[in-house]
1. Using a 1.4 angstrom probe on heavy atoms only, work out the carbon and sulfur share of the accessible area of the stretch 227-441 in %.
2. Kindly provide the trypsin sites (Lys or Arg not before Pro) of the stretch 397-500 that DSSP labels as loop, not H, G, I, E or B, and whose Cβ sees at most 11 other Cβ atoms within 10 Å.
3. Summarise the long-distance tail of P(r) for the stretch 473-550 by giving the % of C-alpha pairs beyond 14 Å.
4. Measuring with a 1.4 Å probe in the full set of protein chains, what accessible area per residue, in whole Å², belongs to the stretch 408-550?
5. In the structure shown, do any of K454/K532; K245/K317; K173/K532; K93/K180 have a Cα-Cα gap over 18 Å, and if so which?
6. Given the rule -39500 (n - 2.57) for each run of at least 4 DSSP H residues, summed and divided by the residues of the chain, what is its mean residue ellipticity at 222 nm, to the nearest 500 deg cm²/dmol?
7. Loop only by DSSP, 12 or fewer other Cβ within 10 Å of the Cβ. Give me the GluC sites (Glu not before Pro) in the stretch 149-223 that pass, ordered by residue number.
8. For a quick check: with amide H placed at 1.01 Å from N, whose amide H comes under 5 Å from A466's, ignoring anything fewer than 5 positions away on the same chain?
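The values are calculated or read from the model by the stated rules, or taken from the named source; none is laboratory data. Because the structure is a prediction, the values reported are computed rather than measured. Neighbour counts are summed over all protein chains in view; Cβ atoms, including those assigned to glycine, are modelled from backbone coordinates with ideal geometry. Note: areas computed on protein heavy atoms with side chains; ligands, DNA, RNA excluded. Shrake-Rupley method; radii C 1.70, N 1.55, O 1.52, S 1.80 Å.
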Amino acid sequence: MRFSTVVAGLLFGLEAAAIRVGPVQPGKVAAKLQHAKSPRSLYKRDDELDLTLLYPERNLSVPIDFFHNDTRYEPHSNGSFNLRYWFDDTYYKPGGPVFVLLGGETDGAGRLPFLQKGIVHQVIKATNGLGVILEHRYYGTSFPVDDLTTENLRFLSTEQALAEVDYFARNVKFAGHEDKDLTAPSTPWVVYGGSYAGAQAAFLRVTYPETFWGAISSSGVTVAIYDFWEYFEPIRLFGPPDCVKYTQTLVDVIDKHLLGNNTTSIQSLKNVFGLGNITDNRDFANQLTGVYGWQSTNWDPELNSASFYNYCSNMTKSFDRVDSGTESLRPTVAGLVSAAGYGNDTLVQNITLNAIGWANRTVLPGWRRSGYSQDNYFTILNATALQQYTALEDYGYTSWSYQVCTEWGYIQTGNTPKDIKPLISRTLDLEYLTFFCRAQFNITTPPDLEKVNKYGGFNISYPRLAHIGGNADVWRPATPLWYPESREDTVEEPWHLISHGVHHWEENGIFENETTPLLPPYQVVYAQQYLKNFVVDWLSEWKGGYQTEL
């Protein structure tokens, strides 16, 4: 069973631009692959510009192994591999900087819109710079190995990935500019990344300060956390209050039954959601996680996913708008609600009925089309399927998963403190959600978080290191910005929260002829201008001086 990178992009959609959320459900992946291969599937809109034609891909040969004295990388390698990148020199003038955007945990080609009209485009235009998109090892086409067996994943680590960016900056020659020395430190390099790549950007500034003149960590997750229940805190704090409250109530009803171990009531609960043939209670609970859509909300209509607000619209329907198809289930739901301790509370009944209607529209259709059993389709506990993700084209189900299990964690559980009602079931715990670590990689111990947190964690700081992100970003609890009053905003160390923003909202942009009084929203316009301003200020400190106009 093999899965193409095209299909990986289809499955993850907007999540490809950020850290993936939730465990892989192999049956669902296989079914979607089959559907994607049908004649009616379109991988790409006919009128969509292929940006790889506008920005031809390049490759630089880089070492596989930068740490020959570290036993964790044994057997060591003296080989090299092609690291893919793209660049735009449209606005470059001699003396201008190199502004590199790190591709992070996805195919680097997916970052090209940022070169065309996003933050890279805006900065290089303002600074007469050269813009670069740099792919990450073990993603896209940048593989140092022939397959993704666990042994061959050993060179996929935070420090190896940082070292290769440093090597790239010091050795790359840009086509058409071979007569110039655009390498670091002869030319000022400013590195930018969002999310995981944002953490990389921050780490590069403190680890290789002689190479990178400045760094911008956008929603940068500089703190590795194993049990990351805090992922849902920004949703709880900044999401629509009614939707949040109703979701907490729904989860409480579900958990009262699942944790009560009454097999009859549990089966009744599964049946009423149309999921009665899911054996494992956790697999069942894992389907009722509509709040995950929050991460994919964006100010740009072309990037925004409406899944969260569609979920909330369903959850908050009034009594007279409950789906007619679910109203017949009210007697059963009333019994389940009463058994959960809510008596004859019609509001809680309506919340549950609304959730059933949402599941019927979003969770069940894919399974109905698949021809699979519910267990095969919905489970994450399929070791055989997970162990087959070893081809290079399977990196979307392997590379980041391996990083999660070895160094980063970020297991998004329902394990909130007792005084905080969770937004997903408490049955979704570390044991269940780390099954893939044991099954896919035979990793039975928690990740070595110190491999990440040694770079500074919440306290990471360095001159010309900026932190920027949305105040409502689900990943903010893993960034220094979780403590917004802990630092002052200065030109030397910029510090900015985007009001009502989610995940690295300033990274993407729209064409000038697409702007309206509302797009981009004022806080994004401000954040992007703010970013350009401090980059210009940083460059003014470069030896020999630097001048430009915004």
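1. Answer for the stretch 227-441 is 50 percent, counting heavy atoms of protein chains only.
2. Sparse-neighbourhood loop trypsin sites (Lys or Arg not before Pro): K418.
3. Result: 69 percent of Cα pairs exceed 14 Å.
4. It amounts to 47 Å² per residue over the stretch 408-550.
5. Beyond 18 Å between Cα atoms: K454/K532; K173/K532.
6. -10000 deg cm²/dmol
7. E178, E210
8. A215, I216, S217
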